[in-house]
Amino acid sequence: MPQCEMCGADQASLTTTKVEGAELELCSSCTDFGTEVRDESTGSGGGKYSTSSSTGKSSSAGSSSGSSGSSGGSTRRRRDMFDDMDEIATDYDDRIRNARESRGLSQEELADQLNEKASLIRKLERGDTLPTDEIQRKLERALDISLVEGESVEDADWDGGDAGTMTLGDVVKRKD
């Protein structure tokens, strides 16, 4: 009997589900953590575009959108809990250390200021541990930095304005 690749439960049938970019065979209780992957090769010859309607469900318009199920097709992906989460920057340890040193603080002084242990600051600056959401907020406030992926000191100084009014010419530098 096949096992769920997430929880290990033995199930008679598993569903292929995409979770954080990986396709896993999951039981019905674990499929809520991702988006169900529809297999387009079943029923009508395995092509992307179908010219026959032997199953009654597939037509050239229905299968060209990716899937004709109730999930909304391939153009609309079901949102999961990770969509609302900010990603910690890969260089968060350097950002913390540089900001602390630029303010002339020792690790112990920063820890006292944040009401945390100095060992936590050491682990963060070595990259041994990721900051929790609460610690991240404390560090960002105390050191006036951003630990979110894509936002650096240089990005914070640049205000892109309304994205609808930006053109390629606003970004590109010509070599004339």
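What the table shows:
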{"read-out": "Number of positions in segment 21-32 that are open to solvent by 50 Å² or more (accessible area, probe 1.4 Å) and out of contact with any Asp or Glu (no Cβ under 7 Å at 6 or more places or on another chain)", "value": "5"}
{"read-out": "Failed item in (1) farther than 21 Å from ARG79 by Cβ; (2) modelled with pLDDT under 85, with SER13 passing the rest", "value": "(2)"}
{"read-out": "Subset tally (residues that are crowded, with 16+ Cβ neighbours inside 10 Å and either in contact with a Phe, Trp or Tyr (Cβ under 6 Å, 6 or more places away or on another chain) or not hydrophobic (A, V, I, L, M, F, W, C) (or both)) for segment 91-112", "value": "6"}
{"read-out": "Matching option when the condition is charged (D, E, K, R), modelled with pLDDT under 55 and either in contact with an Asp or Glu (Cβ under 8 Å, 6 or more places away or on another chain) or surrounded by 14 or more Cβ atoms within 10 Å (Cβ to Cβ) (or both), among LYS48, LYS57, LYS18", "value": "LYS48"}
{"read-out": "Those residues of segment 133-153 which are among the β-branched types (Val, Ile, Thr) and modelled with pLDDT of 90 or more, in sequence order", "value": "ILE135, ILE145"}
{"read-out": "Residue in segment 64-73 that is surrounded by 11 or more Cβ atoms within 10 Å (Cβ to Cβ), modelled with pLDDT of 90 or more and in a helix (DSSP H, G or I) present", "value": "no"}
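The values are calculated or read from the model by the stated rules, or taken from the named source; none is laboratory data. Everything quoted here is computed from the prediction, not taken from an experiment. Neighbour counts run over all protein chains shown; Cβ positions are idealised from the backbone, glycine included. Side chains are part of the model used for accessible areas, which takes the heavy atoms of the whole protein and leaves out ligands, DNA and RNA. Shrake-Rupley method; radii C 1.70, N 1.55, O 1.52, S 1.80 Å.
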